[in-house]
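Since the structure comes first, as structure tokens, the remarks are kept for the end.
The values are calculated or read from the model by the stated rules, or taken from the named source; none is laboratory data. Treat the numbers as computed from the prediction; the structure is a model and nothing was measured. With ideal geometry, Cβ positions are generated from the backbone for all residues, glycine too; neighbour counts draw on all protein chains shown. Side chains included, ligands, DNA and RNA excluded: accessible areas come from the protein's heavy atoms. Shrake-Rupley method; radii C 1.70, N 1.55, O 1.52, S 1.80 Å.
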Amino acid sequence: DGFPASRLFASKFSYTFDDLIFLPHYIDFPADAVDLSTRISRNLPLSTPCVASPMDTVSEASMAVAMASLGGAAIVHCNATPDHQAAIVRSAKSRRIPFASDPAFFAPSDAVSSTADFGSASFAIVTESGSRKSKPVGVVSRSDWEAVADKASPVSDYMRLPPASVPSNYDLEQVAGFLAGEELELVTLAGEEGEVIDLVSTEDVERIRGFPKLGVPSLGPDGKFLVGAAIGTREEDKERLAHLVGAGVNVVVVDSSQGNSKYQIDLIKYAKNNYPRLDVIGGNVVTMAQAHNLIMAGVDGLRVGMGSGSICTTQEVCAVGRGQAKAVYKVATLAKDYDVPVIADGGISYSGHIVKALVLGASTVMMGSFLAGSYEAPGIYEYQNGRRVKKYRGMGSLEAMTKGSDARYLGDNLKLKVAQGVVGAVADKGSVLKFIPYTMQAVKQGLQDLGATSLPIAHNLLRSDVLRLEVRTGAAQVEGGIHGLVSYEKKAF
Ligand code: XMP
């Protein structure tokens, strides 16, 4: 009954997740018995198979610490100077709590002109010179500024004294214990040199404590949160790589929409020769031939997908790419022989897509839009037609390329830039600390239906033709979605 994957993917069709459906197998264990532990790359284990995309509206310090605390990981984007990107990595790696607010820094004589000066944080830090490294002399909150009559007055007029600090590598219970013991509402996190890196309130602690627990936090061999970062394929990316290694990055992703290039292969060899203990993920690839070249160059992981992302226009603009289900299956078939884990990148809209990507051979899924719009995504919430939204943009959009991400899409300094992505907005989804645990519960239920208690078992069931698939007709896809109701409320948890 049904078709084995080897037969289904031997056809001429470029199937993606929605085209396919698995036939159920046999269950003799509860969903909670499913173990989702995996690897992001050859040497780096994760307990949750989720990775946040290297995009400037998805992955900075806040996403990196949240994803690592959930047992997943984030790849810090490279649409920033090497110094700034390395500072984000350092900031994420210096903490053990899943919280980073990226506060603004003011000098005492500075005046706040609008709440936008606070960025997305509720508090700003006042230091002697206004720089991160100088001595803290106070803190101001948004509400402190809102209560001030003369908005042009310097922050020194209404700032509070800086609260006591704890080392930035305190875990959540240590921070909570300190706040309770000292009866404080606010504490600063201090880095190794005593510099203030963030402010944490009792409200933040209570919010985080209320989320469901998931997996074992991802720690690198250094015992700190596992953090990844993206680099481009230009000559100057060697310097960026050196900055990132200096900041303690555990894994780098060579970020290119068509990874099978001399530039990428040279960079992979350079990275592996100069930093043998660093895991290097190559991509993006969608064919076995592309993947083979990067495996021969020495990659520790492969990122799969071309044009499958929600904000991507690569397939329309360049007429190149592949349906994501087939791309994942084909690349994973080859990568398995070399023990190279595969990341299914792009096109994930719900848990069923994650189940499909993982069972078809991926070790992790990489997500942009699914995580954008969350509390942890960079940027501030805005209102559009009465809905709370956050910006989400393709790294190949003109807006992002103007900031420097053109290397991924053009590979060189072309004068005429053509967009391969769009700028949009996604709805407020709350915290990833809440919706990723629920999503993973759904993924476990999917694996249970297929009779697989782990990802390696699912891969073996697929490769040994025990699991069967079919192509869904247009009508079957409609039937599989919500239909025939006058109205409904869609709530997943
Ligand atoms: P999702 O579907 O999760 O996809 O939003 C995220 C992935 O999309 C890729 N990406 C792009 N692809 N033009 C593209 O063709 C773009 O502007 C663009 N920006 C991101 C990237 O692989 C990401 O992980």
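Per the listing Val126, Val155, the residue uniquely touching a Gly at 6+ places or on another chain (Cβ under 6 Å) and surrounded by 13 or more Cβ atoms within 10 Å (Cβ to Cβ) is Val126. Within the range 380-391, the set of residues being within 15 Å of the ligand (Cβ to nearest atom) and on the phi > 0 side of the Ramachandran plot is empty.
Please count how many residues of the range 337-349 are out of contact with any Leu (no Cβ under 8 Å at 6 or more places or on another chain) and within 16 Å of the ligand (Cβ to nearest atom). Before you say what the answer is, go through the steps one by one.
Initially, the range 337-349 is screened for residues out of contact with any Leu (no Cβ under 8 Å at 6 or more places or on another chain), giving 337-339, 345-349.
With the extra rule that they be within 16 Å of the ligand (Cβ to nearest atom), the set shrinks to 345-349.
Count: 5.
Here is a list of conditions, (1) touching a Gly at 6+ places or on another chain (Cβ under 8 Å); (2) at negative phi; (3) part of a loop (DSSP other than H, G, I, E, B), and Ala74 meets all of them except one; can you say which number that is? Going through (1) touching a Gly at 6+ places or on another chain (Cβ under 8 Å); (2) at negative phi; (3) part of a loop (DSSP other than H, G, I, E, B) one by one, Ala74 breaks only (3). Filter the range 276-289 for residues that are surrounded by 24 or more Cβ atoms within 10 Å (Cβ to Cβ) and either under 14 Å from Val254 (Cβ atoms) or away from the ligand (no atom under 16 Å from the Cβ) (or both) and give the result. Scanning the range 276-289 gives Asp279, Val280, Ile281, Gly282, Gly283, Asn284, Val285. Taking the conditions (1) closer than 29 Å to Phe211 by Cα; (2) modelled with pLDDT of 95 or more; (3) surrounded by 17 or more Cβ atoms within 10 Å (Cβ to Cβ) in turn, Ala425 satisfies each one other than (2).
Quick grid of which residues meet (1) within 12 Å of the ligand (Cβ to nearest atom); (2) in contact with a Pro (Cβ under 8 Å, 6 or more places away or on another chain); (3) open to solvent by less than 10 Å² (accessible area, probe 1.4 Å):
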site: Val304; (1), (2), (3): yes, no, yes
site: Ser310; (1), (2), (3): yes, no, no
site: Val317; (1), (2), (3): yes, no, no
site: Arg322; (1), (2), (3): no, no, no
site: Tyr329; (1), (2), (3): no, no, no
site: Ala335; (1), (2), (3): no, yes, yes
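Here Val187, Val200, Val216, Val196 are screened, and the one residue that is more than 18 Å from Ser59 (Cβ to Cβ), of a type in the set (Val, Ile, Thr) and open to solvent by 20 Å² or more (accessible area, probe 1.4 Å) is Val216.
For the range 361-376, the candidate set comprises residues that are small (Gly, Ala, Ser) and within 6 Å of the ligand (Cβ to nearest atom); within that set, the residue that is surrounded by the most Cβ atoms within 10 Å (Cβ to Cβ) is Gly368.
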